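Okay, so here's the structure we're looking at.
Read-outs: derived from the displayed coordinates by stated rules, not from any lab. Computed from a predicted structure; not experimentally measured. Here the Cβ is made from the backbone with ideal geometry for all residues, glycine too, and neighbour counts use every protein chain on show.
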Amino acid sequence: MKKFVIVTKCPDQVGIIREVASFFCHIGGSIIKADQFTDVEAQIFFARWEVSLDTYNKEMYELEDIRKLFSSVAENFAME
């Protein structure tokens with residue numbers, strides 16, 4: 001099992017958590033811990049996602065692969 005952490009920052013909007021969870025589900029991952037905070041005044045959403053990729057997944061991804069695949073989610077939400 002591989003574990004890694006992704007830290008995100010983007011404008012606050014509906015659907016961020018759903019899309020991130022869906023992304024990791026699609027690649028056989030599981031969010032094992034998530035912390036989030038919204039700066040209401042600035043309307044900025046911050047999150048830290050701890051993710052594991054299960055060994056039963058036939059296609060084991062490296063961190064660089066995940067970055068490339070996640071880029072579409074990041075672009076949709078203007079994530080930094």
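A few notes on this one:
- Debye, to nearest 20: dipole size of the chain, +1 on Lys, Arg Cβ, -1 on Asp, Glu Cβ: 260
- Relative contact order for segment 4-78: 39 percent, from Cα pairs under 8 Å spaced at least 6 residues apart, divided by residue count.
- Helical mean residue ellipticity (222 nm; -39500 (n - 2.57) per DSSP H run of 4+; nearest 500) of the chain: -10000 deg cm²/dmol
- On Cα atoms only, tilt of 63-76 relative to the major axis of the chain in degrees: 30
- Compactness of the chain, expressed as Rg and Dmax over alpha-carbon positions, Å: 12.8, 44
- Helix 16-26 and the longest principal axis of the Cα set of the chain meet at an angle near 10°.
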